[in-house]
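Take a look at the structure set out below.
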């Protein structure tokens, strides 16, 4: 008769079997949250003995005691945000050009024949450095100046040139492709002037 093979570690085999049996006995109903991790919800309006009966913690009368409460967007009676914001059509142009504006009356502080550009205007405190400049025609021009600016109004140009000065506009945008083609076609369509009959 062959003896049954004995486990080299009988204690380990026995403890493992016991552990497995103990794990098998755990069921779903045995799983519970940690003590104190969950609190039971307070049920209101279930009798005065509960401490939250009758008015259910809302007090007596008033807006907060009603079932409707505050409607969405209500701000206590002041004009709500939905009515304060503008609703007219339009938009803010992201490509708007912002200029430092200088009138021709301010240019009289420069001496005759002076060159008035961005650096000269910044030194005089008329503009902030780093911002494009536009000359407007308010006031009288009393000096003969050479003016350089990024934009200029027609009245300002006329006043400067009338006083004997010159105007240079910086960063003049080139004509658009369609406009260039139209100008070229117009020139091409112009008939050549006929020579006199005597020739």
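Each reported figure results from applying straightforward, stated rules to the coordinates on display, with no laboratory input. Here the structure is a predicted model, which is why all the values come from computation and not from measurement. Glycine gets a Cβ as well: all are built from the backbone with ideal geometry, and neighbour counts include every protein chain shown.
Can you sort 81, 88, 121, 170 from fewest to most other Cβ atoms within 10 Å of each residue's own Cβ?
Values: 81 9, 88 4, 121 23, 170 12.
Ordered by Cβ neighbours within 10 Å, fewest first: 88, 81, 170, 121.
Could you rank the peptides 74-80, 109-115 by their average count of other C-beta atoms within 10 Å per residue, with the highest value first? List each step's numbers first, then the result.
Details: 74-80: 9.4, 109-115: 12.9.
So the order, starting with the most tightly packed, is 109-115, 74-80.
Divide the volume of the convex hull of the Cα atoms of segment 100-169 by its number of residues and quote the answer in cubic angstrom per residue.
Details: hull volume 4.6 nm³, N = 70.
Measuring per residue, one finds 66 Å³ for the Cα hull of segment 100-169.
At 0.36 nm per residue, and after removing the present C-alpha to C-alpha distance, how many nm does the segment from residue 91 to residue 117 gain when stretched out fully? All intermediate terms of the calculation are to be shown ahead of the outcome.
Working: separation 26, 0.36 × 26 = 9.36 nm, distance 3.37 nm.
Gain on extension, residue 91 to residue 117, equals 6.0 nm.
Give me 135, 160 ranked fewest to most by other Cβ atoms within 10 Å of their Cβ, as a rough exposure proxy.
160, 135
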